[in-house]
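A short write-up of the structure that comes next.
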Amino acid sequence: MYTKILVPVDGSELDESVLPYVKWFTDVSRVNEITFLHVVEPFHMAGGLEAHVLPEDKENIEKDAAGLARKYVNKAASQFKDKTIKVSRLVKVGKPAKIIAEYVAKNDVDLIIMATHGRSGFSQWISGSVADEIVHAAKSPVFLVTPRDKPPDVAE
């Protein structure tokens, strides 16, 4: 049984496809804690242009991104108001796969539920995938949801 679920989100439309599965797991398992985690990547500009950005501007950009991430995490988490389930909201700055794997290791997460574009082969090799990195790095099972997946029937 899964009791502690981590739901990494990035603010994309793809995240919406994960929420019915999170709800389904709360219905069929003994979930008592759900954590929504949004990892904001550090500010970076390609081609060395980052050196032309003032440190305080870089800091403001990262603060703004973290603020938007907090709003998104709160919106996603607000759909889970069951008083028997603790719902946490976290925003961290760093490399997503690394931060997610570290969180899982430190917090005894039973299951990670996250969205993926569902790419494979050359397309995935070119674009990379946080989900793929998590599957290989995390010590917990990972339940991946693609845009093509049909959401489970969930009791309202």
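A short reminder: the numbers here are calculations on the coordinates, not readings from a lab. Model, not experiment: these values are computed from the prediction. Cβ coordinates were reconstructed from backbone atoms using ideal geometry, including for glycine residues, and neighbour counts include every protein chain displayed.
Annotations for the structure displayed:
- Criterion applied to 63, 83, 75 was being without any contact (Cβ under 8 Å) to a residue 24 or more places away in the chain, surrounded by fewer than 13 Cβ atoms within 10 Å (Cβ to Cβ) and under 28 Å from residue 26 (Cα atoms), and the one residue passing it is 83.
- For segment 69-88, filtered to residues that are closer than 20 Å to residue 32 by Cβ and not hydrophobic (A, V, I, L, M, F, W, C), the residue that is nearest to the chain's Cα centre (by Cα) is 88.
- Unmet requirement for residue 24, which otherwise passes all of (1) without any contact (Cβ under 8 Å) to a residue 60 or more places away in the chain; (2) surrounded by 14 or more Cβ atoms within 10 Å (Cβ to Cβ); (3) among the hydrophobic types (A, V, I, L, M, F, W, C); (4) assigned to a helix (DSSP H, G or I): (1)
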